[in-house]
Amino acid sequence: MVALETIVVRNDAILDANVGDETVLMSVENGHYYALTATSRAIWERLKEPVCVRDLCADLASTYQTPLETVEADTLEFLSYLEAQKMIERRAAQD
């Protein structure tokens, strides 16, 4: 399960493309397409480089002027889903 101190990044095997106001993801491994809109798209964009989930949530809360607790709960749920689908990977903390 993804936690606030987890460092995550996109799985390089996931293909993505912008289609109108959505980002469409394709998992070749499981043959599924996913459509991201609004906040989920913003999260996906921020996962280009490894990021600590706590920092990601703080950035999103500031950007969307939303309570941090709400952002943390929603983001952890979404990232856990992405991890279960093998669309993101964990990285070790940099010293």
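Read-outs: derived from the displayed coordinates by stated rules, not from any lab. Since we're looking at a predicted model, the values are computed, not measured.
One equal scatterer on each Cα of the stretch 22-85, no solvent, Debye formula: the resulting log10 I(q)/I(0) at q = 0.15 Å⁻¹ is -0.47. Taken one residue at a time, the phi angles of the stretch 37-43 give Karplus couplings (6.51, -1.76, 1.60, θ = phi - 60°) of 10, 6, 5, 4, 5, 4, 5 Hz. Gly and Pro are set to x.
Between the stretch 60-95 and the stretch 1-41, the alpha-carbon centres lie 12 Å apart.
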